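Structure first, then comments.
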Amino acid sequence: MPAQINPSILSADFARLADEAKAVHGADWLHVDVMDNHFVPNLTLGVPVVESLARATDTPLDCHLMIEDPDRWAPQYVEAGASSVTFHVEAAAAPVRLAREIRAKGARASMALKPATPIEPYEDLLPELDMLLIMTVEPGFGGQAFLDIMLPKIRRTRELIAKHGLEMWLQVDGGVSASTIEQCADAGADVFVAGSAVYGAEDPAEAVRALRDQARTASEKASWVCGH
């Protein structure tokens, strides 16, 4: 799958979200970080803002739920207009049931892992998912430095995806920039969440294009692509 860039509105101006969504025209998705100040120590936005944003942009919304009790709340984000909904396995009571419910409502189902959560215990869940998100920072705040110790985990996850012959996407989120995106692509990621690297640029749309080109070039040379 071609590399995809998902600008994170966590780094955007919340008072101008409609304009900020337009500023990244050409992006594959718009990444929406939902935080509840319980699962992570930060509070951002919820269902009403997602509903408004979905009306204001044609770019599909990729909602990352860093919240407690996603089993209860995740389906509401599909109804609000999200085309992809990510829940954290650390917070989900019944991840398989939740993934199936998200899919049944018409959205892509994604599961996220915090840095300290290994992928191997969840190998059997992978066929239930459309995407897996590996956090490359501790979730909760934007602008953190990329944790390069996550690269082996990205590689292991890509190997498991290949082992099962799955078409699922592998997303990374946290510290993704021009200096780190090639490492992520080489390790096996194909969907990249970028916040300050996009919204901190003079031309956010051009930053999206440049990051995509970097990721595409790196992935074309990667062993996980060349070997399949």
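The values are calculated or read from the model by the stated rules, or taken from the named source; none is laboratory data. Remember, predicted model here, so these are calculated numbers, not experimental data. All Cβ positions, glycine included, derive from the backbone under ideal geometry; neighbour counts span all protein chains shown.
Ser11: out of contact with any strand residue (DSSP E or B) (no Cβ under 9 Å at 6 or more places or on another chain) and either of a type in the set (Gly, Ala, Ser) or crowded, with 20+ Cβ neighbours inside 10 Å (or both), yes or no? Judged against the criteria, Ser11 is not a match.
In region 123-165, the qualifying residues are those that are small (Gly, Ala, Ser) and out of contact with any helix residue (DSSP H, G or I) (no Cβ under 9 Å at 6 or more places or on another chain), and the one that is farthest from Ile9 (Cα to Cα) is Gly165. Taking the conditions (1) at pLDDT 95 or above; (2) surrounded by fewer than 20 Cβ atoms within 10 Å (Cβ to Cβ); (3) of a type in the set (Ser, Thr, Tyr) in turn, Thr59 satisfies each one other than (2).
Taking every residue in region 152-164 that is among the β-branched types (Val, Ile, Thr) and pairing it with any residue that is surrounded by fewer than 17 Cβ atoms within 10 Å (Cβ to Cβ), at least 6 positions away or on another chain, yields no pair with a Cβ-Cβ distance below 7 Å. Charged (D, E, K, R), modelled with pLDDT of 95 or more, in contact with a Phe, Trp or Tyr (Cβ under 8 Å, 6 or more places away or on another chain) and surrounded by 17 or more Cβ atoms within 10 Å (Cβ to Cβ): does that describe Asp130? Criteria met by Asp130. Here the condition is being within 17 Å of Ser8 (Cα to Cα), modelled with pLDDT of 95 or more and surrounded by fewer than 17 Cβ atoms within 10 Å (Cβ to Cβ); of Glu202, Glu120, it holds for Glu202 alone. Within region 23-37, one or more residues are assigned to a helix (DSSP H, G or I) and not β-branched (Val, Ile, Thr). In region 180-228, how many residues are assigned to a loop (DSSP other than H, G, I, E, B) and in contact (Cβ under 8 Å) with a residue 24 or more places away in the chain? Matching residues across region 180-228 total 8.
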